[in-house]
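Report on the structure given below.
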Amino acid sequence: MRRFVRSVLWILLACVALSVVSVLMFRWVNPPYSAFMAESQISAWANRDRDYVYRRTWADLTRISPNLPLAVVASEDQKFPEHWGFDVEAIEKAYEMNQHSHRVRGASTISQQVAKNLYLWSGRSYFRKGLEAYFTVLIEVFWPKRRILEIYLNIAEFGYGTYGAEAAAQRFFHKPASRLSRSDAAVLAAVLPNPEHWSAAAPSRYVQQRRDWILNQMQALGGPEMLGEIDAYPERHHAL
């Protein structure tokens, strides 16, 4: 029994060490793939889905229009510059609403979404949620906010099989991510909750309403200058 317990402890320590090394490495090395991309690719192969086309081109944050990070922060996580990975107030509100609704509402921050998409599998379980929290803490400890946002914008799915800002900009607007307008960015942020059913190329009435709401939130947050707290675009502040 002692040997078994010792073996389990060594395995756990090895897993912790590997996870820490992985998170540290991705602070400087761009992840070539994510767990979510792999899961989607395998699912498409298994189902022989000919409509699935993998599209992704990495773009550094300085090569992405400041409109897009502002749009996703306005849409997904307005407390992103100040929290440490978790929005406690949003979690409490979501918990209260879920007690009286059959539709489960989430409260994931951008940091949590990066942890989930980069390292974990789909599904709902306390074990997966615990791992998500663990990786979120590691990410917040070892990565600056700028890096979290940069990786998020390069692994998020903006359309079926389309990952990252550059691939989305080229596919839906036929322009590089550096030239996305405020409206373009708001549309891309609007489809993030369900990119396989909502289209940035042909936005439905609901997506258009979300776009308009996001544009208003972007303005309320103070424009791209608000992201100065993340130190993402120091050389562009005067130009904006």
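Scan segment 129-146 and report the pairs whose first residue is closer than 14 Å to SER108 by Cα and modelled with pLDDT of 95 or more and whose second residue is among the β-branched types (Val, Ile, Thr) and part of a loop (DSSP other than H, G, I, E, B), with Cβ atoms within less than 7 Å and a gap of 6+ or a chain change.
Hits for this filter: zero, empty list.
Collect the residues in segment 1-31 that are exposed (fewer than 10 other Cβ atoms within 10 Å of the Cβ) and in a helix (DSSP H, G or I), keeping them in residue-number order.
Answer for segment 1-31, where residues must be exposed (fewer than 10 other Cβ atoms within 10 Å of the Cβ) and in a helix (DSSP H, G or I): ARG2, ARG3, PHE4, VAL5.
Test each condition in (1) at pLDDT below 90; (2) loosely packed, with under 12 Cβ neighbours inside 10 Å; (3) basic (Lys, Arg) for ARG48 and report the one that comes out false.
Every condition holds for ARG48 apart from (1).
Give the residues of segment 32-78 that are in contact (Cβ under 8 Å) with a residue 40 or more places away in the chain, in a helix (DSSP H, G or I) and farther than 21 Å from GLU132 by Cβ, sorted by residue number.
Selection gives ALA44, LEU61, THR62, ARG63, ASN67, LEU68, PRO69, LEU70, ALA71, ALA74.
Only one of (1) in a loop (DSSP other than H, G, I, E, B); (2) among the charged types (D, E, K, R); (3) surrounded by 21 or more Cβ atoms within 10 Å (Cβ to Cβ) fails for GLU150. Which number is that?
It fails just one condition, (1).
How about segment 82-125: which of its residues are modelled with pLDDT of 85 or more, of a type outside the set (Val, Ile, Thr), crowded, with 16+ Cβ neighbours inside 10 Å and part of a loop (DSSP other than H, G, I, E, B)?
Once the filter is applied, which keeps residues that are modelled with pLDDT of 85 or more, of a type outside the set (Val, Ile, Thr), crowded, with 16+ Cβ neighbours inside 10 Å and part of a loop (DSSP other than H, G, I, E, B), segment 82-125 yields HIS83, GLY85, PHE86, SER108, LEU120.
The values are calculated or read from the model by the stated rules, or taken from the named source; none is laboratory data. All values reported here derive from a predicted model rather than from experimental measurement. With ideal geometry, Cβ positions are generated from the backbone for all residues, glycine too; neighbour counts draw on all protein chains shown.
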